[in-house]
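Student: Quick one: structure below, then a few questions.
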Amino acid sequence: MFKRILLYFFLTALITGGFFAYKVFGPGTAFNEKSLFVYIRSLNPDKGTVEQVFSGGNIISNPRLFMWLAGRMDYWNKIKPGKYEIKKGESLFNIIRMLRNGRQTPVNLVINKLRTKEDFARFAGRQLECDSLSIISFFTSNDSLQKFELDSNRVMTAVIPNTYTMFWNTTASKLFKRLFSEQQMFWTDERKNKAAAIGLTPAQVYSLASVIEEETNKNDEKPLIASVYLNRLNKGMPLGADPTIKYALRDFGIKRILFKHIDESAGSPYNTYRNKGIPPGPICTPSVKSIDAVLNAKKTDYLFFCAKADFSGYHAFAATDKEHYKNAKAYQQALDSLLIK
């Protein structure tokens, strides 16, 4: 009789222990997707913060057991903020161990063309914990930028379009340090020497490249457009670049620059019809192709360019007013003909 009772308790304990082990080490998720991301914020992370994330029942199947197990695994003293990927069928034990060890899922910040600091702040703020306000505050603070030898006009020259892998809880200052570090590596001695050979600083090359980036998406003609602007600079002529007027007015939907637009933006240092030289900062984040187009500009005597009459997206180049007028007239006639049709 005693042996039967002992066997009963043994089997009961075995079954209970097996059931408990299954709950701890078996599938513990409650969602149907392949994976789900959870975010532990950096501001005062504590047990209550984590409980709020996991208490809904839509992430893990047993929140109470999760909280109990987290305590036994000493997680509450080792909470690490970040973005974490939980895969379907993951056990509670593995989830807590991942959180405790801070095994975050990195964020790939893919930077292409952005026009303003505000655009960048919104873009990065949607993918990182630091919001757009903290990013724009850093990007507009000359005190913060002084140690990088930058100011709020030239700050975007530190942003080289590329893919940047970083953690979700990267702060605005660490984000900029990463961008600046990449920029320093981008400007090799070879690129710096090419910039010096055409009489420009790396920041000026970047700003001029940003104008070219807005002028065309044809990479093969960018060195020609670069030659036009460099020739104008060398002759002391204004750049006369339409995209800078759009930037000055912060109206990127303008289809055609008119005299009224030039007048309206007359007070802006970005108005390259009224001001000689390169704008004080970039008007977008240019591609590496555009930057290298300036550094490897063609040697020409061109001073003008306008859209080709075949609407190919390419431009007709000219060295004189007379040639340019002829090209511009051909394009205008083709455009008028198209509108009539």
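The values are calculated or read from the model by the stated rules, or taken from the named source; none is laboratory data. Every value quoted in this text rests on a predicted model; they were computed, and no experiment measured them. Glycine also receives a Cβ, built like all others from the backbone with ideal geometry; neighbour counts cover every protein chain displayed. Just so you know, the surface numbers come from the protein's heavy atoms only, side chains and all, with ligands and any DNA or RNA stripped out. Shrake-Rupley method; radii C 1.70, N 1.55, O 1.52, S 1.80 Å.
Student: Apply the Debye scattering formula to the range 60-142, with a single equal point scatterer on each alpha-carbon and no solvent, then give log10 I(q)/I(0) at q = 0.21, 0.26 Å⁻¹.
Tutor: For the requested q values the scattering log ratios are -0.93, -1.22.
Student: Let me ask you something else. Quick one: helix 63-72 against the long Cα principal axis of the chain, what's the angle to the nearest 10°, folded into 0 to 90?
Tutor: On a 0 to 90 degree scale, this one is about 80.
Student: Give me the angle, in degrees from 0 to 90, between the Cα long axis of helix 321-340 and the longest principal axis of the Cα atoms of the chain, rounded to the nearest 10.
Tutor: Roughly 60 degrees, rounded to the nearest 10.
Student: Separation of the range 178-206 and the range 315-341 by C-alpha centroid, Å?
Tutor: If you average the Cα positions of each part, the centres end up 36 Å apart.
Student: How many nm separate the modelled label positions at residue 219 and residue 31, each set 7 Å beyond the Cα in the direction of the Cβ?
Tutor: According to this spin-label approximation, the distance is 3.7 nm.
Student: For the chain, take the longest principal axis of its alpha carbons; what is the angle in degrees between that and the long axis of helix 202-215, to the nearest 10 within 0 to 90?
Tutor: 80 degrees
Student: Label-point separation (nm) for residue 122 and residue 264, each offset 7 Å from Cα along Cα-to-Cβ?
Tutor: Those two pseudo-labels are separated by 1.9 nm.
Student: For residue 164, enumerate residues with amide H under 5 Å from its amide H, sequence gap 5+ or separate chain, H modeled in the peptide plane.
Tutor: For residue 164, the qualifying residues are 109, 110, 111.
Student: Let me ask something additional. Please list, short to long, the whole-number percent of alpha-carbon pairs of the chain in consecutive 20 angstrom bins beginning at zero.
Tutor: 24, 38, 23, 11, 3, 1
Student: From the protein chains alone at 1.4 Å, what is the descending order of accessible area for 53, 38, largest first?
Tutor: Result, largest first: 53, 38.
Student: Right, next: Using r as the Cβ-Cβ distance of residue 323 and residue 191, and R0 as 41 Å, what FRET efficiency do you calculate, to the nearest 0.05? Could you put the intermediate results ahead of the total?
Tutor: Values: r = 33 Å, r/R0 = 0.80.
With a Förster radius of 41 Å, E is 0.80.
Student: Just to confirm my numbers, what's the Cα centroid distance between the range 61-137 and the range 216-267 in Å?
Tutor: After rounding, the separation between the Cα centres reads 43 Å.
Student: Order these peptides, 223-233, 175-185, 27-37, by their mean beta-carbon neighbour count within 10 angstrom, highest first. Show your work: numbers first, answer last.
Tutor: Details: 223-233: 22.1, 175-185: 16.5, 27-37: 13.8.
Result, highest mean Cβ count within 10 Å first: 223-233, 175-185, 27-37.
Student: How large is the helix-only mean residue ellipticity at 222 nm for the chain, computed as the sum of -39500 (n - 2.57) over DSSP H runs with n ≥ 4, divided by its residue count, in deg cm²/dmol to the nearest 500?
Tutor: Values: 15 runs with 166 residues, N = 341.
Result for the chain: -15000 deg cm²/dmol, rounded to the nearest 500.
Student: Spelling out what I want: for every residue of the range 146-156, take phi, set θ = phi - 60°, compute 6.51 cos²θ - 1.76 cosθ + 1.60 (Karplus), and round to whole Hz; glycine and proline get x.
Tutor: Ordered by residue, 3J(HN,Hα) equals 4, 5, 9, 6, 10, 9, 5, 7, 9, 4, 6 Hz.
Student: Which residue, 130, 284, 306, tops the fluctuation ranking in a GNM of the chain built on C-alpha contacts under 10 Å?
Tutor: 306
Student: List, in the order given, every pair from 117/299; 174/194; 147/246; 113/260; 117/174; 222/308 whose Cα-Cα distance in the structure shown is over 23 Å.
Tutor: Over 23 Å Cα-Cα: 117/299; 174/194; 147/246; 113/260.
Student: Quick query: amide H of residue 91 versus all other amide H atoms, modeled in the peptide plane; which residues come in under 5 Å with a sequence gap of 5 or more or a different chain?
Tutor: 28
Student: Another question about this same structure. For a protection proxy built on the mean count of beta-carbon atoms within 10 angstrom, sort 268-278, 201-211 highest first, please.
Tutor: Numbers: 268-278: 19.2, 201-211: 24.5.
The densest-packed peptide leads the list: 201-211, 268-278.
Student: With a point put 7 Å past each Cα toward its Cβ, work out how far residue 299 is from residue 52 in nm, to one decimal.
Tutor: So the label points at residue 299 and residue 52 sit 6.6 nm apart.
Student: Sequence-distant or interchain residues sharing an amide H contact under 5 Å with residue 304, placed H: which?
Tutor: Correct list: 318.
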